[in-house]
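**Q** Pasting a structure below so you can have a look.
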Amino acid sequence: MRAKKVIVLHVRDDIEKEEFMKEVQRLNLSAFIYIHGKLDSLKVNVQGTKEEIREAIRAIRDAHKRVRGRLYPDRKGLYTYYPEDIFREANANISLPILIKTLELLGERVEVKEDYIKSSMPWREIVELVRRLNEVLSQIALQTTRQIREVVAPVSVAYKIDPEELLDLLVDLGIAEYKEDKFKYELVKNKEQALKELLEYLEGDKDEDRSDKEGRESA
């Protein structure tokens, strides 16, 4: 027996409407759904069996919750992101540890939960960040191991350094080596230690540049 149910979702602006409509289009639901947009709300008409309607409304409310979580910060100023949503929007496939480490290096707040993350970086910015990370990873994928990529990619994007230059720098610092037989760069230290030493070098380099600049200005 088929039935019909109507729910109303309140929205703040057109961006929320657009993001919500994109989410609904991705849902693979058995029920028939018709959405009518008003100024500050969306009227959702759901038709199907009672079970199909229940399933559809649950999925629709969840989609709306996800959209609101990524568009509007909570009281701590953090947005709620499901990694699969970010990667799908960015059309990229990167590891979550690389994204988290990059956010931390950029000075963004990050909280990692069981199946989602919270961050101070807004939605459009985090999507663009993932796209940049994906470009860097594509550039060095064939000549690196997973461990070294998790060091190079975050630092490359956060410090705006070409990843190829970073690979050479890691070798110069004795943190990595190039394996001729494998045609790959590999870390000779664990990932955490390698990242620590690389960042210490880069920060020291930055301090030297700052001292040189101040010396020239006072001369």
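**Q** Mean Kyte-Doolittle of at least -0.5 plus a Cα span of 24 Å or more along the axis: flag which DSSP H helices in the chain meet both, please. Please list the in-between numbers first.
**A** Numbers: long enough: 50-71 (32 Å, -1.16); 123-140 (26 Å, 0.02); 191-218 (40 Å, -1.90).
Taking the DSSP H segments of the chain (at least 24 Å long, mean hydropathy at least -0.5), we get 123-140.
**Q** Go ahead and set up a Gaussian network model of the chain, Cα springs under 10 Å, then flag whichever of ILE94, ILE86, ILE53 fluctuates most.
**A** Among ILE94, ILE86, ILE53, the largest mean-square fluctuation in the Gaussian network model of the chain belongs to ILE53.
**Q** Compute, for segment 77-210, the length of the dipole vector about the Cα centre, with Cβ point charges of +1 (Lys, Arg) and -1 (Asp, Glu) only. Units Debye, rounded to 20. The partial results should precede the final answer.
**A** Details: 19 positive and 29 negative charges, 94 e Å.
Dipole about the Cα centre, nearest 20: 460 debye.
**Q** Could you please report the charge total around ALA153, scoring K, R as +1 and D, E as -1 over all other residues with beta-carbon less than 10 angstrom from its beta-carbon? Walk me through the intermediate numbers first.
**A** Details: positive: LYS101, ARG132, ARG149; negative: GLU135, GLU150.
Its environment carries a net charge of +1.
**Q** Which entries of LYS22/LYS196; LYS43/LYS118; LYS113/LYS182; LYS65/LYS160 have Cα-Cα distances beyond 32 Å here?
**A** Working: LYS22/LYS196 41 Å; LYS43/LYS118 29 Å; LYS113/LYS182 37 Å; LYS65/LYS160 34 Å.
The answer is LYS22/LYS196; LYS113/LYS182; LYS65/LYS160.
**Q** Also, quick follow-up: Considering only the other residues whose Cβ falls under 10 Å of the Cβ of HIS64, what net charge follows from Lys and Arg at +1 and Asp and Glu at -1? It would help to have the intermediate numbers written out before the result.
**A** Details: positive: ARG61, LYS65, ARG66, ARG68; negative: GLU16, GLU19, GLU23, ASP62.
Result for the neighbourhood of HIS64: 0.
**Q** Would you work out the relative contact order for segment 77-210, in percent, from Cα pairs under 8 angstrom that are 6 or more residues apart? Display every interim value, and only then the final one.
**A** Numbers: 155 pairs, mean separation 27.8, N = 134.
Answer for segment 77-210 is 21 percent.
**Q** Rank THR102, THR80, THR49 by mean-square fluctuation in a GNM of the chain with C-alpha springs under 10 angstrom and give only the top-ranked residue.
**A** Residue with maximal mean-square fluctuation among THR102, THR80, THR49: THR49.
**Q** Counting helices only, and only those DSSP H runs with n ≥ 4, report the 222 nm mean residue ellipticity of the chain as the sum of -39,500 (n - 2.57) divided by its residues, in deg cm²/dmol to the nearest 500. Could you put the intermediate results ahead of the total?
**A** Values: 8 runs with 123 residues, N = 219.
Value at 222 nm, helices only: -18500 deg cm²/dmol.
Every number in this text was worked out from the coordinates using simple rules, so none of it is lab data. Just so you know, these numbers come straight off a predicted model, no measurement behind them. Cβ sites come from the backbone with ideal geometry, for glycine too, and all protein chains shown count toward neighbours.
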